[in-house]
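Values quoted throughout were computed directly from the atomic coordinates according to the rules given, and no laboratory measurement underlies them. As the structure is a prediction and not an experimental result, all values here were calculated from the model. In this analysis, Cβ positions are derived from the backbone assuming ideal geometry, glycine residues included, and neighbour counts consider all displayed protein chains.
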Amino acid sequence: MSKVVTRFAPSPTGTLHIGGVRTALFNYIYAKQNNGEFLVRIEDTDRERSTKAYEKNILDTLSSIGLSPDKKPINQSERNDIYIKAAEQIIASGDAYWCDCSEEDLEKMRNQQMADGKKPMYDGRSRRLGLERSSKTVLRLATPEDGEIVVNDMIRGEIRFNNAELDDLILLRSDGTPTYHLCNVVDDFEQGVTTVIRGEDHISNTPRQIHIQNALGYPALEYAHLPLVLGPDKKRLSKRHAATSLEEYKDMGYLDSAILNSLARLGWSGGDKEVFYIDDLIKDFDIKDVQKAGAIFDITKLDWLNAQHLSHLSLESFIEHIKPFAKKINIDINDHQNAHLLIASMRTSENTLFDIAKALRPYFMDVSDYDEKAIERFLSNGTKNLEDICDLLETIDEWNEEQIDLLLKEYQTNNNLKVPEVNQPIRIALTGSTKSPSLGLTLTFFDKKEAVSRIRKLKSFLS
RNA sequence: GUCCCGUUCGUCUAGAGGCCUAGGACACCGGGUUUUCAUCCCGGCAACAGGGGUUCGACUCCCCUACGGGAUGCCA
């Protein structure tokens, strides 16, 4: 068997969609596990909607997440001659004809068919007219009128289509430009593609494309039609439901590996295992095991997976990853004298890098907002403890966790207080909330002077 | 309308006729660990769309219905 070649063929009419990332991912995995090649083709034949900016976004984000193509991507807009040549070949073989039906005629025809309860499709009225090419004619493929096409789908098995259900699709528009189906088929052949892995919205395009392949004498391809990524209302995931661009997820602080993991698990599973890195996927993934039904994208699973992937990072690597997110909110990790310990104790506080960076704020900048509920709960009976402890803290010579803990414990027992009564007010003073690493440690994330000053600040804020 | 694809816990899924008292994970709820929070650990809740067949036996096979999605473009 020849070398497996897969391809991802986006049209640059928007930023890279996570559904597209999943399609690209499955293509990539399938190619890699067969020692084949993964290719990218930009389907920019729609001049109205395609832009270079979107094309750049798609290519850049694709490679940024690790799904780089094995060859330089090609653009359909630059390959017109090749398609025209193919169209001429079909004309020469007698499998295509010129048709001059106007849009109005076609519209009328479709409405009538609908009214009759039939499938709206071109009825082939120009097929035997022997029309010559003109500025008003489109080139149509003469599809066989009987027989059937059997698509053997790696995920769904055999899918049968009666040729009678298929109409004569347009190969060349009246302005002479080739349509999607022609370009798609020609390029798959020209690029040596062996396996087409794409969304299930293309299932009904498949028999049409097979007819073009047949007319051109191309070899048959392998197909796998992936179930769609859905929103909570079971419609294709769109901006209405959630963020759809890959870059938005990256910006929120989801790790590439976690995004890929969650996308792979959407429609596929590998036993009881949940955490997969790309190498695991190349080893364990099997396209035949992909689910047939559409899958609803649930961000809470991504959150959890992100936390898992984050926890597998070494501290050094974690710090490198969080730096750009900290920078976005004007935090320079290097500004803290005990950054490593601080981050080590904060890294599980949230699920995304950006949220963790935000949780780091009180350790890098002044606290001006205090959690009202926390104040109500722990400071409504006055600030005596706060003041006492503040005074005591000032007397500490060695500002370290053990000394501080000792002092706090002593104060708590001497005054017969519960731990939270002692600790929470101080937490509020230091961070604005009742959440922080263990208090002795939290205090060491500030120097003595700063800690004392924050406690005083809260005291005056309350009076 | 017509054609095509689908339908297991709220969500992602396991399940290839007896292993199913339908398993796992997320979410949620409870408990433990943690001087708080998070992490972590333990436990709980929760599903085979409906109806007919086939079979000794059906989540698994067949048919019908319902529901959902996709396609029906001189878009891709």
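Quick rundown of the values:
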{"read-out": "Angle between chain A longest axis and helix A:52-64 axis [Cα atoms, degrees, rounded to 10]", "value": "60"}
{"read-out": "Relative contact order (percent, whole number), chain A, Cα cutoff 8 Å, 6+ residue spacing", "value": "12"}
{"read-out": "Sites A:Ala242 and A:Glu222, calculated FRET efficiency, Cβ-Cβ separation with R0 25 Å, nearest 0.05", "value": "0.20"}
{"read-out": "Whole-number percent relative contact order across the range A:86-240, with pairs defined as alpha carbons under 8 Å at least 6 apart", "value": "22"}
{"read-out": "Mean separation of Cα contacts under 8 Å, 6 or more apart, over the residue count of the range A:277-388: relative contact order %", "value": "23"}
{"read-out": "Neighbour-count ranking [beta-carbon atoms within 10 angstrom, fewest first] of A:His225, A:His17, A:His340", "value": "A:His340, A:His17, A:His225"}
{"read-out": "Value of [θ]222 nm, deg cm²/dmol, for chain A, DSSP H segments ≥ 4, -39500 (n - 2.57) each, nearest 500", "value": "-13500 deg cm²/dmol"}
{"read-out": "Likely footprinting exposure, A:Ile356, A:Ile170, fewest C-beta neighbours within 10 Å first", "value": "A:Ile170, A:Ile356"}
{"read-out": "Folded to 0 to 90 degrees: helix A:180-190 orientation relative to chain A principal axis, Cα", "value": "90"}
{"read-out": "Aspartates and glutamates with Cα under 19 Å of A:Lys418, excluding same-chain neighbours fewer than 8 positions away", "value": "A:Glu376, A:Glu387, A:Asp388, A:Asp405, A:Glu410"}
{"read-out": "Of A:Lys3/A:Lys85; A:Lys52/A:Lys273; A:Lys273/A:Lys327; A:Lys56/A:Lys323; A:Lys56/A:Lys327; A:Lys85/A:Lys119, pairs whose Cα-Cα distance is over 29 Å", "value": "A:Lys52/A:Lys273; A:Lys273/A:Lys327; A:Lys85/A:Lys119"}
{"read-out": "Neighbour net charge for A:Leu62 - beta-carbon separation under 14 angstrom, K R +1, D E -1", "value": "+2"}
{"read-out": "Too-long pairs where the Cα-Cα distance tops 28 Å, listed order kept, from A:Lys239/A:Lys358; A:Lys108/A:Lys292; A:Lys384/A:Lys449; A:Lys72/A:Lys250", "value": "A:Lys108/A:Lys292"}
{"read-out": "Lys/Arg +1, Asp/Glu -1 at C-beta; chain A dipole; positive extreme among A:Thr383, A:Ala242, A:Ile203", "value": "A:Ile203"}
{"read-out": "Dimensionless Rg over Rh [chain A; C-alpha; Kirkwood]", "value": "1.18"}
{"read-out": "Added length on full extension, which subtracts the Cα-Cα distance from 0.36 nm per residue, A:Thr300 to A:Leu106", "value": "65.1 nm"}
{"read-out": "Magnitude of the charge dipole, chain A, Cβ model with Lys/Arg +1 and Asp/Glu -1, debye to 20", "value": "580"}
{"read-out": "For A:Trp98, A:Trp304, order by how many other beta-carbon atoms lie within 10 Å, fewest first", "value": "A:Trp304, A:Trp98"}
{"read-out": "Cα long-axis angle, helix A:299-311 against chain A (0 to 90 degrees, to the nearest 10)", "value": "60"}
{"read-out": "Pair A:Lys234, A:Ser134: separation of 7 Å Cα→Cβ label points (nm)", "value": "5.0"}
